[in-house]
Every structure is written in C-alpha cells, then in structure tokens.
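Here is the structure we will look at.
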Amino acid sequence: MARFTGKVALVTGAASGVGRATARQMTSEGANVYGIDIDADGLAVVSDELGEQFCSDAFDIRDREACHKAVETCVDRFGGLDVVANIAGVVRSHHVTDVDEETWRLIMGVNLDGMFWITQAAIPYLKQRSGNIVNVASNAGFMGQAYTVPYCAAKGAVINMTRALAMEFIKSDIRINAVAPGGMNTAMTENWSPPEDIDPTIMQTYIGYRGMAEPETAVNAICWMASDEASRCTGSILSVDGGLTAA
Ligand SMILES: NC(=O)c1ccc[n+]([C@@H]2O[C@H](COP(=O)([O-])OP(=O)(O)OC[C@H]3O[C@@H](n4cnc5c(N)ncnc54)[C@H](O)[C@@H]3O)[C@@H](O)[C@H]2O)c1
C-alpha cells in the first residue's frame, strides 16, 4: 500500500514515539516528511534512518513565529503541503495544588498552542491541495483523570478545537480530525513520574482492561485518517484506546 505517494506531510513530535513511527510509516508509503521536534539529536537519528524523504527542523513549537517559518520552509523544500500530523506533546503528573505556572504553561503550550500555531500556518497551503490535519488528542481529553489536570485540560481543548476547525472549513474540501489514543509504551509513559503519595486506586481506571499498547496502534489510525480512505471524515475524533473511554 502506498497511500502517500507524491504527498508532503508535516509531522510534529517526529523525534520519538508516535511521531517518529508516523514519519517512518508515511515515508514508507511514499510521502516526503518534514519532521519537527525540540529534540535535535532525536531528529538526526530519524533523518539518518529515513534519508532524502525526511527533512527536519528542531525548535520549540510553543514559538508561533518558528511554527509559521517551519511551515514555509516545508513548502519551499518539498513544493507544497498535503498532511499535517500534530503529534508533539508532553505530560507531567502533580497534585493540582502543586502545579506551578511554568508547568501549566508548558503543558498548554506544547499540547495546545503549538498545535494551533502549526495549524494556522498550514491551512492556506492545505487548501491549495485539498489536504488534511490529524491532531493527536488522548483518552485524557475525554476522561477526568486525576493528577494530570493541565494535560486533561489541554487534550480536551484539542478535541473541541478539532471540531471547531472542521466546522470553520466545512464548506471547503480540507479535513480536520483527531486520533485519541490510550496508554502506549513510549518515552512519555516510560518517563512518567507521579507524586509518591497519590491514591493508586483512582489511577486503575485509566489503565483499562486491555493494558498498554504499542505506538503503531495510533500510527495506523493517524495514517488512515490522513489518507484518502478517510475522505468522509472531518471533525471526527477516533478513539484508539482498547475500549478505555467506552465505559
Ligand atoms: N504515550 C501515551 O501513553 C499517550 C497516550 C495518549 C496520547 N498520547 C499523545 O501522543 C502524542 C505523542 O506522544 P508519545 O507517546 O509519542 O511521546 P514521546 O515523548 O515519545 O514523543 C513526544 C515528542 O514531542 C516532542 N516535544 C515535546 N515538547 C516539544 C516542544 N516544546 N516542541 C517540539 N516538540 C516537542 C518530544 O521531544 C518528543 O519527541 C502526544 O501528543 C501525547 O500526548 C500519548
């Protein structure tokens, strides 16, 4: 299958986890991918692996100007833009009373602001090629999840921002959707460090009956949503969480 032959995809969070695996899958199906991440070393590793089909830019997606410049650079480099996969994200775990301003701004800035800046810059180019956007949300955007209040707030906003964007462009042929994974084995969960005195009985609800998944489960949904196979989808939020949010 080569669903992205001749397509250009911009992928944020491309240095690790779901973003890296999405860049890998899309290039394997013919895309040229412009990868963005704050982790320059991680991007260099991906670049070595994917070769000429992959070009990257290391910066902090909280920076609006840098996001707009990167979209321009992507279009200059590859000649247009068909797909945006907004995947970069961060999580921190705290009691809500311990969340300082820096942490709140980090969580909202990376998970929400950066997605908005990239989207805003990309839309004029996506309109030229009937393109689409896939935003990565989370089960945390649907569930009230203890000890990650800023992350839940940001991911809930991602879900409704996706729907609002879809409606703003409902009379055009661009599509804006989201994929909402549950827990996956990536650096994000490997480095997750909750406060020691949390109540673990509350946390059991967020693991679900089917446990953790590999990032490829989300990648499959992202690539399907970004492909012509999902041509009827806009404003859709696709849960890929082993039934976690079905309850
Ligand atoms: N892993 C999970 O259990 C899980 C569950 C649901 C949703 N998600 C979401 O999936 C997406 C991918 O997460 P992942 O699990 O692959 O984690 P990850 O940590 O492996 O990847 C996240 C990437 O985002 C990048 N990033 C962080 N801050 C950045 C910034 N300021 N500017 C640019 N890039 C930045 C990181 O460097 C990293 O490469 C995130 O949006 C996350 O919220 C993850």
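For the reader, a short list of remarks on this structure follows.
- A simple spin-label model places pseudo-atoms 7 Å from Cα toward Cβ; at Thr73 and Glu49 they are separated by 2.1 nm.
- All lysines inside 21 Å of Lys69 as judged from Cα atoms, apart from same-chain residues fewer than 8 positions distant: Lys7, Lys127
- Lys/Arg +1, Asp/Glu -1 at C-beta; the range 117-247 dipole; positive extreme among Ala122, Ala218, Ile170: Ile170
- The alpha carbon centroids of the range 152-201 and the range 88-133 are separated by 10 Å.
- Farthest toward positive dipole pole in the chain [+1 Lys/Arg, -1 Asp/Glu at C-beta], among Gln25, Val149, Ile61: Gln25
- Counting all C-alpha pairs of the range 8-240, share separated by more than 34 Å (%): 11
- Ranked by the mean number of other Cβ atoms within 10 Å of their residues, highest first, the peptides 224-230, 91-97 come out as 224-230, 91-97.
- Ile207 versus Asp228: modelled label distance in nm, points set 7 Å from Cα along the beta carbon direction: 4.5
- Ranked by how many other beta carbons lie within 10 Å on average, peptides 145-153, 5-13, 101-109 from highest: 5-13, 145-153, 101-109
- Size of charge dipole - the chain - debye, nearest 20, with Cβ of Lys, Arg +1 and Asp, Glu -1, no other charges: 1060
Just so you know, all these numbers are worked out from the coordinates, no wet-lab data involved. Here the structure is a predicted model, which is why all the values come from computation and not from measurement. All Cβ positions, glycine included, derive from the backbone under ideal geometry; neighbour counts span all protein chains shown.
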